[in-house]
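Asks: Provided herewith is a single structure, encoded as structure tokens, for subsequent inquiry.
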Amino acid sequence: MKNTLNYKIIKSKKQYFEYCKKLKILLDKNLKKHEDEIELLTLLIEKWDEEQFKIPDLDPIEILKALMTEHQLKAKDLTEILSLSKGTISKILNYQKGISKATIRKLSEHFKMTQETFNRPYKLKNTINRKYKNAALMNMEK
């Protein structure tokens, strides 16, 4: 007789926590016969986690602005945190200047985030070509 597993796609927090609890019990038993069940529960739980905790695809400046709002910081606060001038902070926040590696390190350390969060290409406003509708540069500073 074939063993059937009665699990479904997770659609609620309650179901998620039930599956997590069940998985923990099965992992504690560590029996070979539960291998398929453990794999299925792990897959369902990971799928739920990915969907629930998906980070929006924001550029580094949008992320920085959101963090500033969350931590109630103003541009002048960033001058102290990053050891940069008000003008430089303003240029960064207005997409006129890219974020340097040193600044990325300071941001990731201050906000306890990975450097990859701030180290992604994004479009800069090209002050030279402002009169052209789609003139932009990419922040690809080395």
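Each reported figure results from applying straightforward, stated rules to the coordinates on display, with no laboratory input. Note that this is a predicted model, so its numbers are computed, not measured. Cβ atoms come from the backbone with ideal geometry, glycine included; neighbour counts cover every protein chain shown.
Asks: Show which aspartates and glutamates lie in cross-link reach of Lys29 when reach means a straight Cα distance below 20 angstrom and same-chain residues fewer than eight apart are skipped.
Replies: Counting by Cα, and skipping residues close in sequence, Lys29 has these aspartates and glutamates nearby: Glu18, Glu37, Glu39.
Asks: Still on this model: Measure up Lys76/Lys101; Lys74/Lys112; Lys47/Lys112; Lys14/Lys112 against 28 Å on the Cα-Cα distance and list the ones that go over.
Replies: Table pairs above 28 Å Cα-Cα are Lys14/Lys112.
Asks: Order by neighbour count: Phe17, Phe118, fewest other Cβ atoms within 10 Å first, most last.
Replies: Fewest-to-most Cβ neighbours within 10 Å comes out as Phe17, Phe118.
Asks: Looking at the square roots a ≥ b ≥ c of the eigenvalues of the Cα gyration tensor of the stretch 1-95, which shape do they give, rounded for a/c under 1.5, prolate if a/b is larger than b/c, or oblate?
Replies: It comes out prolate by the Cα gyration axes.
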